[in-house]
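Below: one structure, written as structure tokens.
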Amino acid sequence: MALHPLEILPVVIYLLLLLFLGFTGKKGDDSEENFIIGSRSLTLPAFVATLVTTWYGGILGVGEFSYRYGLSNWVVFGLPYYLFAFIFAIFLAPRIRRDGGLSIPDRLYRDYGPAAGRIGALWTLFMVLPAPYVLMIGILMMAVTGWPLWFCITIGTVFSMIYVLSGGFRSVVRTDKLQFILMFGGFILLFAVLVSRYGGLPFLRTHLPVNHLTLTGGNPPSYLLVWYFIALWTFIDPGFHQRCDAAKTPETARRGILISIGFWFIFDFLTTATGLYARALLTGLKTPALSYPLLSHHILPPLLSGLFLTGLFATIMSTIDSLSLLSAITIGHDILSRTKAAIGRVKAVRLGLIVTAALSILIAILLPSVIRIWYVIGSLFIPPMLLPVLSVYFPAIAPGRGWIVANLIFGFLFPFFWLIISAFQSPSLAGLNNFMGIQPMFPGLAVSVLLFGAGILLRPSSNGNGRDSGTPRQ
């Protein structure tokens, strides 16, 4: 894809402006709380901007899914997340803000002891490593520049993370405000041009396969159902928890998520509709993941195409910087600072950011498949983490510490070995045949529910909150 200089210019300006915003502005004091959650001062507009942008890093995957399966993109990547985000807002967000913790492992250490905290920190690290998005930014940059993938991955990672070293969470929020405007502006621009030039639904009905305008996209219901279980990720997403911790008040956290759902609905409409136009106008693409930038390049004048490409970069990079900080917090605050090493807490988090960058680049280069990385992470870490995290905020469902540790171990091991067996009996990882036809996540969730059920039935009646010591919080 040979770009006009005017297509590249907005991207360059954006990258320079991103660094300026990331390195300047009020940074607050040098405390760990300020670096991790901005001293719990996040206002409602900032909360919405940073949550909406962080949740949409997989934009190239959304483009590919829309190109292949049409409206089912909304059924898979929209509807379940609205549902679980709504539940999160009503029942979890205020509790998280009132809880006073700094991270998910922080709470597991506090409520269930060192063993649960260490295991939870390790699982959280795998969950928040931005390797899939680092790979995505590398793929997009390679398509734009023609440079080698490994070099594009490295450059994209540096631009997405370096300013986080300076201001931590405050830098992430400042840059997210710009990225919010760019991601919405780019898709509104392209969608408006497409509708004005080609018309609306009548054009799509004429030029799309029939299944693209159905809610299933030709996929069996069982395939769609799997994605609803993957959407349970919402309840244990460290980004959601961090923003609730950072909110000014519990009400800010609750309202912020509810408002964000509305913006996600609008953005999903824009991305799905644009994907349908891409399928109608660009038939036979060999790389559907690049359907959005290719459509922009063919439809828009160079400068406007450059603005749309800038929106794509902003969408991905807004997720990379947030996940990078969360990964750095896990390494520095939840792992390194709890060892005997003589290192300051904020310094440990900054060191964690460097480790995060190196690990993400390595994984993205060695395992260059976004879908494969997503699939493995979701299958392995939702089962062990879901119920232990929920039990922190709902003590009535919490078994004792031993049961929590068992859940964190066996909830991981069951899907891990299920995945290994599936890989051995499959011709390739790209065409994975699930053992006994069952997704690896389901055995893990079943084990987790059984362990929690047994723990609740067998816990001493005198300790109704499910914890081995201490009193329940109000």
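Just so you know, all these numbers are worked out from the coordinates, no wet-lab data involved. Fair warning: this is a prediction, and the values are worked out from it, not measured in the lab. Positions of Cβ are backbone-derived with ideal geometry, glycine not excepted, and every protein chain shown enters the neighbour counts.
Fewest to most neighbouring Cβ within 10 Å: what's the order for Val12, Val62, Val405? Don't skip to the answer; put the middle values down first.
On the way: Val12 12, Val62 25, Val405 21.
Going from least to most buried by this count: Val12, Val405, Val62.
With a Förster radius of 35 Å applied to the beta-carbon distance between Met436 and Ile266, the computed FRET efficiency rounds to 0.30.
Net charge dipole, the chain: roughly 560 debye, given to the nearest 20, about the Cα centre with Cβ charges of +1 for Lys and Arg and -1 for Asp and Glu. Between the helical axis of 114-128 and the longest alpha-carbon principal axis of the chain there is an angle of about 0 degrees. The residue among Leu125, Phe180, Ile90 whose Cα reaches farthest toward the positive pole of the charge dipole of the stretch 5-369, with charges on the beta-carbon of Lys, Arg, Asp and Glu, is Ile90.
By the beta-carbon count within 10 Å of each Cβ, the least crowded to most crowded order of Asp29, Asp245, fewest first, is Asp29, Asp245. The modelled label-to-label distance for the pair Leu450/Thr24, using points 7 Å beyond Cα in the direction of Cβ, is 6.0 nm. Assuming a viscosity of 1.002 mPa s and a temperature of 20 °C, what translational diffusion coefficient in µm² per second does Stokes-Einstein assign to the chain, Rh being the Kirkwood radius over Cα pairs? In µm²/s, the coefficient rounds to 93. Ordering Leu60, Met141, Ile257 by the projection of their Cα atoms onto the charge dipole of the stretch 5-369, which places +1 on the Cβ of Lys and Arg and -1 on the Cβ of Asp and Glu, puts Ile257 at the extreme positive end. A full extension of the chain between Ala192 and Ala396 corresponds to an added length of 68.4 nm, given 0.36 nm per residue minus the alpha carbon distance.
Using only Cα atoms, tell me the angle between helix 5-23 and the longest principal axis of the chain; keep it within 0 to 90° and round to the nearest 10. Roughly 30 degrees between the two axes. Mean sequence separation of contacting Cα pairs (under 8 Å, at least six apart), scaled by the length of the chain, corresponds to a relative contact order of 28 percent. Neighbour counts of other Cβ atoms within 10 Å put Tyr133, Tyr112, Tyr82 in the fewest-to-most order Tyr82, Tyr112, Tyr133.
Packing order of peptides 375-382, 289-296, 434-441, highest average first: 289-296, 375-382, 434-441 (average count of other Cβ atoms within 10 Å over each peptide's residues). Remark on Ala247: its backbone amide H falls under 5 Å from those of Leu42, a criterion applied only to residues 5 or more positions apart or on other chains, H modelled at 1.01 Å from N.
Taking the 0 to 90 degree range and rounding to the nearest ten, how far is the long axis of helix 441-458 tilted relative to the main principal axis of the chain, both from C-alpha atoms? The helix 441-458 is inclined about 20 degrees to the chain.
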